[in-house]
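Just so it is clear, none of the values below were taken in a lab; they were calculated from the coordinates. Everything quoted here is computed from the prediction, not taken from an experiment. Cβ: placed from backbone, ideal geometry, glycine included. Neighbour counts: every protein chain shown.
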Amino acid sequence: MNNHLRTFVLLAALTALFMGVGYLIGGPTGMGLAFLFAAGMNLVSYWNADKIVLSMYRAQLVDETDPDPLIRNFVVDVNELAARAGLPRPKVHVIDQDQPNAFATGRDPDHAAVAATRGLLQMLDRREIRGVMAHELAHVKHRDTLTMTITATIAGAISALANFAFLFGGRDENGRSTGIVGTIAMMILAPMAAGLVQMAISRGREYEADRGGAEISGDPEALADALRKIEAYAKGGYMNPDAERHPATAHMFIINPLAGHGTDNLFSTHPATENRVAALLRMIGKARPPASRTSGTAVPVTDRGPWGS
């Protein structure tokens, strides 16, 4: 399925889910209003979803004239990698968060933006940062970013609508209350359904962006090292408060930014990091990851991943 068709199917699924929640809140009238709202949101999301997501994280636009040499090198490397990938130069942003992470956004390569947290720039070496940003540029090249960004904005709206239903109660087609049990079920199931849609478009795409990023940078091991470091730092207590407030955007990041305490792996937006690392290392003929630079211990491989026999 090409990306334009996949985006259309995704929008249709999320719009239907949005209308279903509207029906549970206000019956046929609520469903009609939800459809109008969803249609308007789809239009706004297509043109402005990237700006919405960047504003959620208070991302700051930077360029190669920045006084900080770390940021100057970051911008120079992104531009050089974009040229290697045959892409226009994306807008480059920095997010003032300690958790190391990054994402790409934009409706097409001509309107793309990449963002990295300050924590990522400070905690990874330059080679690893290049590996991460090559991964994000692979998302741009594969035209994943439109689907990723629209999903984030609409899934977030579905969650907000479900919370609205919890506060004000749901109604059936005759105006009768659906009761607290139905309202609670709606509050739980609607965001869960939106999350499942996110998961369905995310895991395979991450493997492909890993591979594409490794080809752009020419250094699969750099991305493998970066993935292990990012996950280790994230698990070590580096929270991203903005991501916790906007969980519907989690699938956009290179590593899940959410704390995920008590969350089952079924609802993870990303493949297991050790499987991604194993797939990357098979590109250079290594069967297992080397010792972790952060812990000094080998990371176990649980399966053979999507590439190789």
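The phi torsions of segment 245-251, fed into the Karplus equation with coefficients 6.51, -1.76 and 1.60 and a -60° offset, translate into couplings of 6, 10, x, 5, 9, 4, 5 Hz, rounded to whole numbers, with Gly and Pro shown as x. The charge dipole of segment 1-142, taken about the Cα centre with unit charges on the Cβ atoms of Lys, Arg (+1) and Asp, Glu (-1), comes to about 340 debye, rounded to the nearest 20.
Fewest-first ordering of 46, 57, 238 by other beta carbons within 10 Å of each residue's beta carbon gives 46, 238, 57. In order along segment 19-27, the Karplus-derived 3J(HN,Hα) couplings, from 6.51 cos²θ - 1.76 cosθ + 1.60 at θ = phi - 60°, round to 5, x, 5, x, 5, 5, 7, x, x Hz, and Gly and Pro are given as x. Taking the fewest neighbouring Cβ atoms within 10 Å as the starting point, the ordered list for 81, 120 is 81, 120.
Arrange the following residues from fewest to most other Cβ atoms within 10 Å of their Cβ: 55, 217. Don't jump to the answer; show the numbers that get you there.
Details: 55 10, 217 24.
Taking fewest neighbouring Cβ atoms as first place, the list is 55, 217.
Classify segment 1-87 as rounded, prolate or oblate from the Cα gyration tensor: take a ≥ b ≥ c as the square roots of its eigenvalues, call it rounded if a/c is under 1.5, otherwise prolate when a/b beats b/c and oblate if not. Judged from the Cα gyration tensor, segment 1-87 comes out prolate (a/c at least 1.5, a/b above b/c).
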